[in-house]
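To start, the structure under review is shown below, and the notes come after it.
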Amino acid sequence: MTASISDPLLDWYDRNARALPWRNPPGAPLPADPAWPYRVWLSEVMLQQTTVAAVKPYFEAFTARWPDVEALAAAGEDEVMAAWAGLGYYSRARNLVKAAREVAARGGFPDSEEDLRKLPGLGAYTAAAIAAIAFGRCAVVVDANVERVVARLFGIREPLPGARKQIRERAGAITPDTRAGDFAQAMMDLGSQVCTTKAPRCLLCPLSAQCDGREKGIAESLPVKPAKTAKPERRGTAFWIERTGEAGREVWLVTRPGRGMLGGMRALPDDGWSAQADGSGQPPLAGEWEDLGAVRHTFTHAHLTLAVRRAQAQGEPTGDGEWWPLARLDEAGLPTLFAKAARLALARAG
Ligand code: SF4
């Protein structure tokens, strides 16, 4: 069974592999570059819940600025958080710094799935992917793409998440002892380029002869997804507080608490929307407030409508924060939600 799937798949990969900045060419020996596991790890953490197109510029910027794990370990957490801004799921950036420091302190990355899993921010999938891709270990790598390919290949009709055990066992049974990293990446490429969620391109698929889902005409309906629950709607208010200081126009920015939504990121002050559904908190400054409209943002767990209000500072706002020059606002590392709110405020300022 293993060879009947892995041989045609690896042949296809040798001809069709996507060229990605973090990738070794198909069939090539593992690079001797000591920074190789770092590049694989960094790319895999960035790719969690994020598309290849979104990750590419961040990967290139990170590796240009911090070319190896020692350099990243020596960076300040605030610098890394700011460089991560816009990529989302910010707990990844905090864990990235923690993991880099652990790895640098122990003198390099561990090369087994079990030890990789002990690093901050590494779950089963990421540890398996790094073990296979960076170190050539025979690890079973199952992401959403692989899950879809395997469910179709074996015609698995049990709904997710219950089907995951069976999918994992099947994926394990077809993973070869050699070229495990190429095999994992071939499955991912097949899932993203050919065995797509909608309208899989079975005519181009190297596994079409072995595919139970295609033969039975049910491929597109697999894997069977659990019923969707509607995301809750949250509302809140962000406060744009401006003054003209020595450096020209400035806006008041805060650093969000380390735990919780967008933890540790620079942001506009807000009224606690992440904890309250009605956004009824108080502005951090008494005075004349102007309503500028609202921005919408969707998180994994909720939709948020964030009203934006503006005031000219007549004194110092309450709480900790810093005056940030508007001319350098793009260097503040605002996460996407607050970057949208800032754009609205600046557009309304004319
Ligand atoms: Fe996916 Fe079609 Fe290939 Fe089956 S034959 S693995 S459904 S693309």
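Please treat every number below as a calculation from the coordinates, not as lab data. Everything numeric in this text was worked out from a predicted model, so none of it was measured. Glycine gets a Cβ as well: all are built from the backbone with ideal geometry, and neighbour counts include every protein chain shown.
In the chain, the calculated helix contribution to ellipticity at 222 nm averages -12000 deg cm²/dmol per residue, counting -39,500 (n - 2.57) for every DSSP H run with n ≥ 4.
A viscosity of 0.692 mPa s and a temperature of 37 °C, combined with the Kirkwood radius over Cα pairs in Stokes-Einstein, give a translational diffusion coefficient for the chain of 145 µm²/s. Give, in nm to one decimal, the length gained when the segment between Glu288 and Arg65 is fully stretched (0.36 nm per residue of separation minus the Cα-Cα distance). Here the answer is 76.0 nm.
Given their separation in residues at 0.36 nm each and the Cα-Cα distance between them, Lys198 and Ser112 gain 27.4 nm when the chain is fully extended. Computed 3J(HN,Hα) for the stretch 27-35, one whole-Hz value per residue from the Karplus formula 6.51 cos²θ - 1.76 cosθ + 1.60 where θ = phi - 60°, is x, 6, x, 4, x, 7, 3, x, 7, glycine and proline marked x. Relative to the globular-protein estimate of 2.2 N^0.38 Å, the Cα radius of gyration of the stretch 233-347 stands at 0.99. Computed over neighbours whose Cβ is under 12 Å from that of Asp212, the net charge equals +4, Lys and Arg +1, Asp and Glu -1. Among the GluC sites (Glu not before Pro) found in the stretch 191-286, those both in a DSSP coil and sparsely packed, with 16 or fewer other Cβ atoms within 10 Å of their Cβ, are Glu246.
If a spin label sat at a point 7 angstrom from the Cα of Ala209 along the line to its beta carbon, the backbone N atoms of the stretch 137-159 nearer than 19 Å would be those of 153-155. Residue by residue, the stretch 289-295 carries 3J(HN,Hα) couplings of 10, 10, 7, 9, x, 8, 10 Hz when phi is fed to the Karplus relation 6.51 cos²θ - 1.76 cosθ + 1.60 (θ = phi - 60°); x denotes Gly or Pro.
The count of lysine pairs in the chain with alpha-carbon distances below 24 Å, taking only pairs 8 or more places apart or on different chains, stands at 14. Ranking Gly287, His301, Pro29 by how far each Cα lies toward the positive end of the dipole of the chain (charges on Cβ) leaves His301 at the top. Within the shell defined by Cβ-Cβ distances under 11 Å, the residues around Glu250 carry a net charge of 0, with Lys and Arg each +1 and Asp and Glu each -1. For the chain, the longest principal axis of the Cα atoms and the long axis of helix 144-153 meet at an angle of about 30 degrees.
Note on Lys98 and Lys165: the extension gain reaches 21.0 nm, defined as 0.36 nm multiplied by sequence separation minus the Cα-Cα distance.
Label positions at Phe299 and Ala53, each projected 7 Å from the Cα along the C-beta direction, are separated by 2.6 nm. Per-residue Karplus couplings for the stretch 185-193, computed as 6.51 cos²θ - 1.76 cosθ + 1.60 with θ equal to phi - 60°, are listed in order as 6, 5, 4, 5, 5, 4, x, 8, 9 Hz, Gly and Pro entered as x. The modelled label-to-label distance between Asp7 and Thr229, using points 7 Å beyond Cα along the C-beta direction, is 4.8 nm.
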